[in-house]
Amino acid sequence: MSIKIGLIGKTNTGKTTFFNSATLSSEEISSYPFTTKAPISGIAHAITLCVHPEFNVQDNPNNSKCVDGWRYIPIELVDLPGLIKDAWKGKGLGNQFLSIAAQSDALLHVVDASGGIDSAGKITETGTGDPISDFADIEEELTMWYHKILEGNREKILKLIRNGSDIITALTDLYQGIGVNKTHVKETLLATDLEEKKFDDFNMIDSKKFAANLRKISKPTLIVANKIDVEGADKNFARLRERYNDSIVIPVSGDSEFSLRRAEQKGLIKYSPGSEQFEIIKSDKLNEKQINALDFIKRGIMGEYMRTGVQFAINVAVFKLLKMNSIYPVADHENLTDTKGRILPDLILLKDGATINDLAKEIHSDLTKGLLYAKDLRYNLRLPVDYQLRDRDVVSLVSAGKDN
């Protein structure tokens, strides 16, 4: 499935630097409000260990790439315009932001851990801003937008219920345009203890509580504590983890990752995104400033936090927040190839709980017709069509007509 991850946050938190480092893009970076005036989309990658060494074969990736035994799976990363207060009312670029954010499967909420922006997102003296409040401000905007949708459509929901729809169906119908499904609504009603309450008895507190929980469940979010390379940011990072202990908080230095990827692109260093180390291979091509910068990244960032955090944040979003599993379908179970003879060509990301039948649908809708079972090629097992796939499964589908 195609995955879209949105970058959200106030202006000047470093969203665009994060985006550029993850996609090796070069979008405009400045301290002017709304530098990102429209959503910018690029291709980043989720990275996972490839299975080909287990099977002692050399793979021929088709929909992804394999580098040094790691699979790079393309995902869409969207840098969204920074939010301002009352964006949910349509102020600033609010409507545009919220409509695009709603199309994302998960969100990376970027905050300035150095405390270098004020409440309006303007550059201020480092340490005087409050990333905890910044995070709360943006979360409130998202919640209020969900709440506005609910409160603005009460009559529509009540009409659906009067015409025979249950509350889950009616609420799903309302929010389905922004990626909400019945499971999201059902989980939200349970989490808020509203599953037994009639909708026409929902008061404003109930609807706000429902909106807040639905937003969290339907748009899973992690906190990117950016600018961790700035002095004092470590203290705010600790504060963020303590205050938002129900969220994943990842320390990130977007500037450091961007520097490493640019240096690697120019052949000056050997570095793999997300790696805990890098190797200088052309020291004679580096000036003193560049050498000092790389030394700082090695000691101050990787030495302290193991990694720059950019790639790690993307991986966590895909494999932890969205709970995706990497599945390798092949046509020829003996040679691990597709119909064109390519070895382990495709890697398909499926939600945890997806079945063999779901995999068949993802590949091609016609594959479900006559589907009998699948072969687990690691353990030589026959898997029923309702078998729930696990991460790194390598399978071949078998239908009534032929192997697929």
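Search segment 51-65 for residues that are in a loop (DSSP other than H, G, I, E, B) and pair each with any residue that is among the small types (Gly, Ala, Ser) when their beta-carbon atoms are under 7 Å apart and the residues are at least 6 apart or on different chains.
What qualifies is Pro53/Gly69.
Filter segment 348-392 for residues that are part of a loop (DSSP other than H, G, I, E, B) and in contact with a Phe, Trp or Tyr (Cβ under 9 Å, 6 or more places away or on another chain); which is least open to solvent (accessible area, probe 1.4 Å)? Can you show your working first?
First, pick out the residues of segment 348-392 that are part of a loop (DSSP other than H, G, I, E, B): 352-354, 364, 369-370, 377-380, 384-387, 389-392.
Subsequent filtering for residues that are in contact with a Phe, Trp or Tyr (Cβ under 9 Å, 6 or more places away or on another chain) retains 377-378, 384-385, 387, 391-392.
Details: Leu377: 33, Arg378: 62, Pro384: 68, Val385: 49, Tyr387: 58, Asp391: 67, Arg392: 49 Å².
Result: Leu377.
Of all residues in segment 142-157, which are open to solvent by 30 Å² or more (accessible area, probe 1.4 Å), of a type outside the set (Lys, Arg) and not in a loop (DSSP other than H, G, I, E, B)? Steps first, answer last, please.
So in segment 142-157, the residues open to solvent by 30 Å² or more (accessible area, probe 1.4 Å) come out as 144-145, 148-149, 151-156.
Next, only the ones that are of a type outside the set (Lys, Arg) stay: 144-145, 149, 151-153, 155.
Listed by number, the residues that qualify are Met144, Trp145, Ile149, Glu151, Glu155.
If we scan segment 308-328, do we find a residue that is more than 30 Å from Leu260 (Cβ to Cβ), assigned to a strand (DSSP E or B) and open to solvent by 40 Å² or more (accessible area, probe 1.4 Å)? Please lay out each step first, then the result.
The initial filter retains those residues of segment 308-328 that are more than 30 Å from Leu260 (Cβ to Cβ), namely 327.
Adding the requirement that they be assigned to a strand (DSSP E or B) leaves 327.
So of that shortlist, the ones also open to solvent by 40 Å² or more (accessible area, probe 1.4 Å) come out as none.
No, segment 308-328 has no match at all.
Would you point out which residue out of Thr48, Thr13, Thr35, Thr17 is among the hydroxyl-bearing types (Ser, Thr, Tyr), assigned to a loop (DSSP other than H, G, I, E, B) and modelled with pLDDT of 90 or more? Spell out the reasoning first.
Numbers: Thr48 fails: assigned to a loop (DSSP other than H, G, I, E, B); Thr35 fails: modelled with pLDDT of 90 or more; Thr17 fails: assigned to a loop (DSSP other than H, G, I, E, B).
The conditions single out Thr13.
If you scan segment 229-259, which residues turn out to be within 22 Å of the chain's Cα centre (by Cα) and open to solvent by less than 10 Å² (accessible area, probe 1.4 Å)?
Of everything in segment 229-259, those that are within 22 Å of the chain's Cα centre (by Cα) and open to solvent by less than 10 Å² (accessible area, probe 1.4 Å) turn out to be Leu240, Ile250, Val252, Ser253, Gly254, Ser256, Glu257.
Yes/no per residue for (1) part of a helix (DSSP H, G or I); (2) on the phi < 0 side of the Ramachandran plot; (3) β-branched (Val, Ile, Thr):
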| position | (1), (2), (3) |
| --- | --- |
| Ala225 | no, yes, no |
| Ile250 | no, yes, yes |
| Ser259 | yes, yes, no |
| Ile291 | yes, yes, yes |
| Leu294 | yes, yes, no |
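Report whether or not Thr172 is at pLDDT 95 or above, of a type in the set (Ser, Thr, Tyr) and either surrounded by fewer than 18 Cβ atoms within 10 Å (Cβ to Cβ) or in contact with a Lys or Arg (Cβ under 7 Å, 6 or more places away or on another chain) (or both). Give the derivation first.
On the way: at pLDDT 95 or above: yes; of a type in the set (Ser, Thr, Tyr): yes; either surrounded by fewer than 18 Cβ atoms within 10 Å (Cβ to Cβ) or in contact with a Lys or Arg (Cβ under 7 Å, 6 or more places away or on another chain) (or both): yes.
Taking the combined requirement at face value, the residue satisfies it.
The values are calculated or read from the model by the stated rules, or taken from the named source; none is laboratory data. Note that the structure is a prediction, hence the values are computed from the model and not measured. Please note: Cβ atoms are built from the backbone with ideal geometry, for glycine as well, and neighbour counts cover all protein chains shown. The area values use the complete protein model at the heavy-atom level, side chains included, leaving out ligands, DNA and RNA. Shrake-Rupley method; radii C 1.70, N 1.55, O 1.52, S 1.80 Å.
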